[in-house]
Structure formats: structure tokens, C-alpha cells
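Here is the structure we will look at, set down as C-alpha cells.
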Amino acid sequence: MIYQRSSALFKEAQKVIPGGVNSPVRAFKAVGGDPIFVKEAKGAYLFDEDGNQLIDFIASWGPLILGHAYEPVINAVVAKAKKGTSFGMPTEIETHLAKLAVSMVPNIDKIRFVNSGTEACMSAVRLARGYTGKDKIIKFAGCYHGHSDSFLIQAGSGAVTFGSPNSPGVTQGTAKDTLLANYNDLVGVEELVKANEGEIAAIIIEPVAGNMGCIVPTDEFIQGLRKLCTEKGILLIFDEVMTGFRLGKGGAQEALGMDADILCFGKVIGGGLPVGAFASRAEIMSHLAPEGPVYQAGTLSGNPLAMAAGLAMLTELDNHPEVFESLAKKTEYLHEGFQKVLDKKGIAYQINRFGSMISVHFTDEPVVDFNSSAKGNNETFKKFFHGMLDQGIYLPPSAFESYFLNDALSYEDLDTTIAALDSLDL
Ligand SMILES: *Cc1c(COP(=O)(O)O)cnc(C)c1O
């Protein structure tokens, strides 16, 4: 495949945009080479600036669960755009999307819309602190909750890909209120809670992690967190920015059969436009301004184009819940196909999967937390990534990212993908 125009565009971009990208993981730094500039996309396919067609396993990092340029979403956005793009005043469609989200997700009464997953998590933590009157939070190494200061402590995703899980610019004052635990290690969390008795406002977690590859929580761990939080008066925040409206209508809460106290959303809820949201019971949400004293705001929050995209997307998912099953089956098919090929190659690997999230790790140790994820062989991963890309398969350009399948992917696309892996010399 030829990437001349992408490389030229990347050079131009670097002159005026730091690193040539507006979000670090796009830059291909972990795998080497220049990033691909996309021109357009439809269904499961990306079309790049050099005229290559790629099968997409990222779906804009999750939002496009039904594929690119999905007609009902596009039509809703176009129709709304003709009536004005922003008002800074309340609009009816915000209530429609809020009602639909509240009806789909268990255990929430009210939801507030923001513009990104970062904002959702940042605001959820502020709300938790305002509500409990406590300062500290616990997060897990390798989990990513956006790029706000309190979360850039052993963060996953791009932060770890670029070797700055603890970013310069985050003050020690902020860092000291974020306590770190290991994923799937309940005893570690219990010890932290004990050592900081009465000081912890919230535990925030990706209920199925996707930012250190896909990591599934053990029942004992995730149910243990719930029990611990309830006993100690700590709020349990599920960051469902990835899992919300992907693992099922009710997201991870439904898939894991449990309730969290505050939920964060992003990605799918915006249908490909910039939307985030956080939600909880009325009693907790009533602490937010203007009802309560915890301040949170946004000039473009609840933007009509973004709400139209989100409403069209959630309406489709609400009317067609069989999509989640279809996606999980396709992901399982990919898993089994990859497994057969890699077994044949006799290479050390792990595949983690939950619903339509999946990741491949080149290590012989089970990947259950950040440390085990970091043991993956990155040289093999690079060969794998570029080998697949050369055959028109677009996978996440970092071993610390999950794939996000979209329902436009056909079994033929999956067979092509499995055959591409078979042809590689890893
Ligand atoms: C993507 C992501 C975020 C951040 O969302 P942005 O819209 O990129 O700010 C937060 N939490 C999780 C779990 C994510 O996957």
C-alpha cells in the first residue's frame, strides 16, 4: 500500500499542530511510521487520502457502533444543522435524549450532558466530592478517564503509549488526592481505604477496562468494590465512556449485573459528535448547579447537532437491541479465528474479550491488570500492526487499546482479517 499523500499531509500538519495530531494516540508513535489521513468512511470501511480502502476496527475509538456515516444519524444531523447550530438556550431535544438515556440505563434518574468523556469524568468526581464532602479518589493503574489533572496518574491509553502516565503540569497538590490501586486486586483497594479511612469520596473505574487493552474484571473484584463502597460511604463511579451503550442498552451495569452510584458516558452516546454525560440518582444529581452548589457548565453542552446525533444513535440501539448480540457474536468469531491462526504459529499470546471489545497481547501471561498488559512484546505487536495495515486492516496503533467492532463489519470482512493474520510472519 502507498501512503504518499498521508505522509505529505502529516508533514504539513506537524508545522502547525503539535505532533501533527489533535490527540496523541493518532500519531502511530508506539508502532512507528506515519499516521494515515482519512478522507471519508462508509459502513465498516475507511477511505484514506491515498485512495486505499481499509477495514476499520476502531470506529472512531468506539462511537460508531453501527458503522461510519450511518444514515439515520447523518440525516438527523443535517436536518438539525439547517435550523441553527447553537443557541445557548434550552432546547426540547435535550430532554428527549435525556429521557431515552434514563430509560435505557438502569439505576439513573437524571443525566447532564457535556462535550467529552474527559468532562464527564472530571465533573463526576467533582460531584462526588461535593456530595460526600471528602477529597480523595481511588483510580486504577492503566485506567483512562480522560486528560483532566486528577486522572493523569498512571493513566492508560495514549498517556501510557507515550510514556507519560504521570504528566508534567499536574501539580503534586492534585496528585496527592488521587490514590492508585491495581485492577482486579480487591485486597489492595481495601488496604488503601483502610489507610485513608473517612477521606475517600469515590472509586472510579472502567468496569470493563479498554485503555490497557481489554481487561475483564473478576466477579469477586467488581462485586467486592461495590460492597466496600456501600460499607464505607464511598461513591462508586463507573466510567462507561467506552462500555456505555456498547455492552448492551444498560452498558456494564447491565452486563455485570450490578449498580454503580455515578456513571460517565461519552463515545456512543454522541453518535460520532462530541458528547459526554454523567448521570446518577436524583438525590445525588440535585447537588449540581443550578439546583445545588456543585458548579458545572458548558457553552456548547447539549448542542443541538450533537443531541440529534446522539438521539438518532440511541433510538436505533433502543429499537434494535439484537445489535449487541450480533456484535458480540462477530467479536467471538474474530477471537476464534485469531486464536486458531496464532496457535498454529506457536506464538505466545493472550486474547481478552468482552462483548464487542477485544485485544491481542503478545505475552504468555494472562493479562489482568496494567503490569501484565505492559509485559506484551511490542516488537511483535509492531510487526502485527503494520502487517495487518499493509493488507488493509486498520487496528488500534497501540497494544494498550481495545478494538471496537461496529455492526457494519460483515463475516466476509472478518474472514479477510483472519486470513491477513494467517499470512503474517510474526
Ligand atoms: C475515551 C475515554 C475517556 C475520555 O473521553 P474523551 O471524549 O476522549 O475526552 C474517558 N474514559 C474512558 C473509559 C474512555 O475510553
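Candidates in region 231-264 are the residues that are part of a loop (DSSP other than H, G, I, E, B) and in contact with a Ser or Thr (Cβ under 8 Å, 6 or more places away or on another chain); of these, the one that is farthest from the ligand (Cβ to nearest atom) is GLY233. Remark: GLY62 falls outside the filter, which requires a residue to be of a type outside the set (Ser, Thr, Tyr) and either over 14 Å from LEU273 (Cα atoms) or over 22 Å from the mean Cα position of the chain (by Cα) (or both).
A search for C-beta distances below 9 Å between a residue of region 92-103 that is on the phi < 0 side of the Ramachandran plot and any residue that is open to solvent by 20 Å² or more (accessible area, probe 1.4 Å) and assigned to a helix (DSSP H, G or I), counting only pairs 6+ apart in sequence or on different chains, returns ILE93/LYS80; ILE93/LEU311; HIS96/LEU311; LEU97/LEU311; LEU100/LEU311; LEU100/THR315; LEU100/ASP318; SER103/ASP318.
Of the residues making up region 328-364, just one is on the phi > 0 side of the Ramachandran plot and more than 22 Å from the chain's Cα centre (by Cα), namely GLY346.
The set of residues in region 85-94 that are assigned to a helix (DSSP H, G or I) and closer than 15 Å to VAL275 by Cβ comprises ILE93, GLU94. Mind listing whichever residues of region 265-280 are within 18 Å of PHE324 (Cα to Cα), within 10 Å of the ligand (Cβ to nearest atom) and small (Gly, Ala, Ser)? Matches in region 265-280: GLY266, GLY270.
Close contacts from region 363-386, counting a first residue that is under 25 Å from THR417 (Cα atoms) and a second that is outside any loop (DSSP other than H, G, I, E, B) and open to solvent by 30 Å² or more (accessible area, probe 1.4 Å), with Cβ to Cβ under 7 Å and a gap of 6+ residues or different chains, come to THR363/GLN350; PRO366/GLN350; VAL367/GLN350.
The residues of region 250-273 that are over 21 Å from HIS68 (Cα atoms) and in contact with a helix residue (DSSP H, G or I) (Cβ under 8 Å, 6 or more places away or on another chain), listed by number, are GLY250, LEU256, MET258, ASP259, ALA260, ASP261, ILE262, LEU263, CYS264. Taking the criterion of being within 16 Å of the ligand (Cβ to nearest atom), outside any helix (DSSP H, G or I) and of a type outside the set (Val, Ile, Thr), the residues of region 103-124 that qualify are ARG112, PHE113, ASN115, SER116. Under the condition of being open to solvent by 60 Å² or more (accessible area, probe 1.4 Å), touching a residue at least 60 places away in the same chain (Cβ under 8 Å) and hydroxyl-bearing (Ser, Thr, Tyr), the residues counted in region 409-426 number 2.
In region 298-309, is there at least one residue being free of Cβ contacts under 8 Å to residues at least 60 places away in the same chain and more than 16 Å from the ligand (Cβ to nearest atom)? Among the residues of region 298-309, not one is free of Cβ contacts under 8 Å to residues at least 60 places away in the same chain and more than 16 Å from the ligand (Cβ to nearest atom), which makes the answer no.
Taking the condition without any contact (Cβ under 8 Å) to a residue 60 or more places away in the chain, over 23 Å from VAL189 (Cβ atoms) and of a type in the set (Lys, Arg), does LYS82 pass? When the stated conditions are applied, LYS82 passes them.
Against the definition (surrounded by 15 or more Cβ atoms within 10 Å (Cβ to Cβ), touching a residue at least 12 places away in the same chain (Cβ under 8 Å) and away from the ligand (no atom under 16 Å from the Cβ)), how does VAL31 come out, yes or no? Yes: the conditions hold for VAL31.
All of (1) closer than 17 Å to PRO366 by Cα; (2) away from the ligand (no atom under 16 Å from the Cβ); (3) crowded, with 20+ Cβ neighbours inside 10 Å hold for ASP219 with one exception: (3).
The values are calculated or read from the model by the stated rules, or taken from the named source; none is laboratory data. Quick caveat: nothing in here was measured; it's all calculated off a predicted structure. Don't worry about glycine lacking a Cβ; one is built from the backbone with ideal geometry, like all the others, and counts go over all protein chains shown. Heads up: the accessible areas ignore ligands, DNA and RNA and are worked out on the full protein's heavy atoms, side chains in. Shrake-Rupley method; radii C 1.70, N 1.55, O 1.52, S 1.80 Å.
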